[in-house]
Amino acid sequence: MHVSRWISSSISAATYILGTTARLLSLLLAVSILSFCLVSAAPFDPVTAFIGPEAVISPEQKAAIAAHWGLYDPPPLRYVAWLNNVLHGDMGISLIYRQPVTEILLERALASLALMGLAWALSGILGFVMGVVCGVFKGSVFDKITKTCALALSVAPTFWLALLALMVFSVFLQWFPMGMAVPAGKLAGDVTLADRLWHLILPALVLSVSGVANVTLHTREKMVTALASNYANFARARSESRWQLVRRHGLRNVALPALTLQFASFAELFGGSVLAEQVFSYPGLGSAVTAAGLRGDIPLLLGIALVSALFVFSGNVIANVLYGLIDPRIRESAKPFRPKQKKLPDTSSTSPLPNTPDTSSSPVSLPSPLPPVIALKPTGYHRRPGGCSHD
Amino acid sequence: MTTHTHPHTHQHYLHIHEHDLASTHHHPATYPLLSIRDLSVRFTQYERGLRQITLETVSSLSLSVDVGEVLAVVGASGSGKSLLAQAILGILPANARISGKMTFQGQELTAQRQQQLRGREIAFVPQSVDYLDPLMKVGRQVQGVRNSRQQQQAVFERYGLAPFVAHLYPFQLSGGMLRRVLIACAVIEDVSLIIADEPTPGLSHAAALEVMRHFRELADEGRAVLIITHDINLAFDVADSIAVFYAGTIFEHAPMADFIAGPDALRHPYTKALYRALPKHGFKPHPGTQPYAGALPAGCLYAKRCEWSTPECEQGTIEMRALRGGMVRCIHAL
């Protein structure tokens, strides 16, 4: 019994992982084909991008380089050649940085992850706290001010905010440096962690602003809905105080959608980082993609397209899996509830009215009454807490 | 546990307290547990832009219920019955305004007192699974904020809920389990008044009857039970008296015996029509509809449909008055 259950749950777990991997691979393939079509159609001249616009070489030499690189081959052939190299771990050499694309991606992704991670955590924590406070004290002065600011900030363009922040905090107040990830003119070996953090704070703050605004508004709305719900009203009718209500029912029901939103926000975060990094000259993926796009660095562009697709995809997968693990409506309905009839006390015999046929002793496992924003296939591989015994 | 007695052997008569109707404070001991005088609930709404309208969803409602008694408030769906429960508990939506006077144990039921009493002296049995937190296990919810786990287990045992049910989430409950869980929420608190709002939807007749018998049992143990329902047949089986709800008010509050005796024992023309409309009493339909809460007529709310209607019916306020051991809101009732 236990073994067969274990086997069946392992099989569904394996199915889920295989399915996710297949979707990831097909997504990456689609993204690479689409990006390749776009860069092929764009008026990029890789040879000029490589040698630089000032260098004077004859058209014959240019043509020789182009022929050497296979630029006269039909696009499908070039794509297949690129794909073959990528599958062998070679994403090509960046035309503007003269370094292997994989090395650049790694270095830039680390810098970007620090920036985006900080902004992400800030927007999640700050937004959640402010949203909860606003929702609980709906209609208060704090709520009104926060709501108005959040509405304004959520539509403010990131690059404009970044410029504003640079002007105020770096130029006038001089609290923070003028962009970059490390102090200019300092040897790489001398750069401390404090230096890096100091350079990270302003871009991270700016990047988190729209996230904070969105999470605040969303959490506030969910909290207001939760506190006006029938279950909150019933709890009130059972003498629960406002704080008990918030703690027992409010936070519980608000945390789930907030968590989903937080992981699903990876795409926006990446989009915002492109603009913020550009303004702060922060050497992350975002500024690399701008440089690559403006100067026609096709290998780097394709590499970044793949990495960003992977990044957003993993955010969504994490949201899906977490939702399935945390929300009991998905977790419990993924595994149909089977009480062991033999071990259960006979409910009808303990009923105060033995004559009435007990029409209700078998629990039913209904499908989730509230489908999640991102539906998780009810694969049922999530383990029930406490194993499979209910006795 | 009190032995179960058939409700119809209870020769209850309504607790008519003439002095209570005059709303004075002479002898608290003779007051019914809960007494409501001229309760009105109004909602202010914006209709089409900035035009404000007032909906009087409960108007001049009077009734009383005492310890040991099951009172069924019977009315059509959507006639504002649930608001009565919310008004007594003080959990109406923020845009609701109430007027009138409610007393509990002889003392006026103010908003502050409602807050102290609800959950402690007055319990609410809601109508659907929406009233349980979807993300909290049933056992913890029944336990609430003031009771022990042992109390929760005891009340589960009383209602035939197996221990494993405590670890289920609300969405995993069957209809019958849900009813028992909701009743358990009320019983775990040692209250003297239980207000149940439509406690039997979606149940088979047998299961609904079992739920109603639970309420009968709770009243026999010395509580007052007020059941709000649209199902008059279920009320017949367990209630001591029935209050007939129409367009936000009570037309007649009569002992159960009068509903068994038939239309001649009943007082209000609407109650008589309701009696004749029941399948087992001729199934005779009654033309017309209840008036809309936004446009209530002056005088009697039933005048437009009433065969006894005279010009006096459409003037002034029709007061609730005592008649033949019951209460009626009709100037012509004999």
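Candidates in the stretch B:310-334 are the residues that are modelled with pLDDT under 85 and small (Gly, Ala, Ser); of these, the one that is farthest from the chain's Cα centre (by Cα) is B:Gly316.
Pick out the one residue from B:Phe171, B:Phe156, B:Phe215 that is open to solvent by 10 Å² or more (accessible area, probe 1.4 Å) and hydrophobic (A, V, I, L, M, F, W, C). Testing whether each residue is open to solvent by 10 Å² or more (accessible area, probe 1.4 Å) and hydrophobic (A, V, I, L, M, F, W, C) leaves just B:Phe171. Contact annotation: residue pairs with Cβ atoms under 9 Å, 6 or more positions apart or on different chains, pairing a residue in the stretch B:209-220 that is more than 10 Å from chain A (Cβ to nearest Cβ) with a partner that is among the hydroxyl-bearing types (Ser, Thr, Tyr) and open to solvent by 20 Å² or more (accessible area, probe 1.4 Å), are B:Arg216/B:Thr5; B:Asp220/B:Thr2; B:Asp220/B:Thr3; B:Asp220/B:Thr5. A search for C-beta distances below 6 Å between a residue of the stretch B:77-92 that is within 12 Å of chain A (Cβ to nearest Cβ) and any residue that is part of a loop (DSSP other than H, G, I, E, B), counting only pairs 6+ apart in sequence or on different chains, returns B:Gln86/B:Leu92. Mind counting the residues in the stretch A:309-347 that are out of contact with any helix residue (DSSP H, G or I) (no Cβ under 7 Å at 6 or more places or on another chain), of a type in the set (S, T, N, Q) and at pLDDT 80 or above? Result for the stretch A:309-347: 2.
Residue-by-condition table, conditions (1) touching a residue at least 60 places away in the same chain (Cβ under 8 Å); (2) open to solvent by less than 30 Å² (accessible area, probe 1.4 Å):
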residue: A:Asn214; (1), (2): yes, no
residue: A:Arg220; (1), (2): yes, yes
residue: A:Phe234; (1), (2): no, yes
residue: A:Ser239; (1), (2): no, yes
residue: A:Gln244; (1), (2): no, no
residue: A:Arg247; (1), (2): no, no
residue: A:Arg252; (1), (2): no, no
residue: A:Ala258; (1), (2): yes, yes
residue: A:Gln262; (1), (2): yes, yes
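Screening the stretch B:93-107 for residues that are aliphatic (A, V, I, L, M) and open to solvent by less than 40 Å² (accessible area, probe 1.4 Å) and picking the one that is farthest from the other protein chains (Cβ to nearest Cβ) gives B:Met102. Say we look at the stretch A:34-66 and pick out the residues that are farther than 19 Å from A:Ile93 by Cα and in a helix (DSSP H, G or I); which of these is farthest from the chain's Cα centre (by Cα)? The extreme case among them is A:Glu60. Consider the stretch A:281-317 and keep the residues that are more than 26 Å from A:Arg196 (Cβ to Cβ) and of a type in the set (Val, Ile, Thr). The one that is surrounded by the most Cβ atoms within 10 Å (Cβ to Cβ) is A:Ile298.
Among the residues in the stretch A:145-159, are any outside any helix (DSSP H, G or I), among the small types (Gly, Ala, Ser) and on the phi > 0 side of the Ramachandran plot?
If we filter the stretch A:145-159 for residues that are outside any helix (DSSP H, G or I), which is where we start, we get A:156-157.
If we keep only those that are among the small types (Gly, Ala, Ser) too, we end up with A:156.
If we keep only those that are on the phi > 0 side of the Ramachandran plot too, we end up with none.
No, the stretch A:145-159 contains no residue that is outside any helix (DSSP H, G or I), among the small types (Gly, Ala, Ser) and on the phi > 0 side of the Ramachandran plot.
Exactly one residue out of A:Phe270, A:Phe266, A:Phe234, A:Phe311 is farther than 19 Å from A:Ala119 by Cα and among the aromatic types (Phe, Trp, Tyr), and it is A:Phe234. Within the option set A:Ala162, A:Ala181, being in the same structural domain as A:Met116 (by TED's automatic domain parsing), within 24 Å of the chain's Cα centre (by Cα) and assigned to a loop (DSSP other than H, G, I, E, B) holds for one residue only, A:Ala181. Taking A:Ile201 as the residue in question, decide whether it is out of contact with any helix residue (DSSP H, G or I) (no Cβ under 6 Å at 6 or more places or on another chain), closer than 24 Å to A:Gly250 by Cα and open to solvent by 20 Å² or more (accessible area, probe 1.4 Å). When the stated conditions are applied, A:Ile201 does not pass them.
Out of the residues in the stretch B:131-144 that are at pLDDT 90 or above and facing chain A (nearest Cβ under 7 Å), state the one that is nearest to B:Leu34 (Cα to Cα).
Initial filter on the stretch B:131-144 (at pLDDT 90 or above): B:131-143.
Now drop any that are not facing chain A (nearest Cβ under 7 Å), which leaves B:131-136.
Values: B:Tyr131: 24, B:Leu132: 27, B:Asp133: 29, B:Pro134: 32, B:Leu135: 35, B:Met136: 33 Å.
Out of the qualifying residues, it is B:Tyr131.
Screening B:Ala206, B:Ala162 for residues that are among the small types (Gly, Ala, Ser), facing chain A (nearest Cβ under 7 Å) and open to solvent by 10 Å² or more (accessible area, probe 1.4 Å) leaves exactly one candidate, B:Ala206. Return yes when B:Ile122 is open to solvent by 70 Å² or more (accessible area, probe 1.4 Å), touching a Leu at 6+ places or on another chain (Cβ under 9 Å) and not charged (D, E, K, R) and no when it is not. Spelling it out, it is not the case that B:Ile122 is open to solvent by 70 Å² or more (accessible area, probe 1.4 Å), touching a Leu at 6+ places or on another chain (Cβ under 9 Å) and not charged (D, E, K, R).
Taken over the stretch A:107-153, residues that are touching a residue at least 40 places away in the same chain (Cβ under 8 Å) and closer than 19 Å to A:Thr225 by Cβ amount to 14. Does any residue of the stretch B:174-195 turn out to be over 26 Å from A:Arg248 (Cβ atoms), more than 10 Å from chain A (Cβ to nearest Cβ) and open to solvent by 10 Å² or more (accessible area, probe 1.4 Å)? No - not one qualifying residue is present in the stretch B:174-195.
The values are calculated or read from the model by the stated rules, or taken from the named source; none is laboratory data. The shown structure was predicted, so the numbers you read here are calculated from the model rather than taken from an experiment. Cβ coordinates were reconstructed from backbone atoms using ideal geometry, including for glycine residues, and neighbour counts include every protein chain displayed. The protein model used for the area step is the full one, side chains on, heavy atoms only, and it has no ligands, DNA or RNA in it. Shrake-Rupley method; radii C 1.70, N 1.55, O 1.52, S 1.80 Å.
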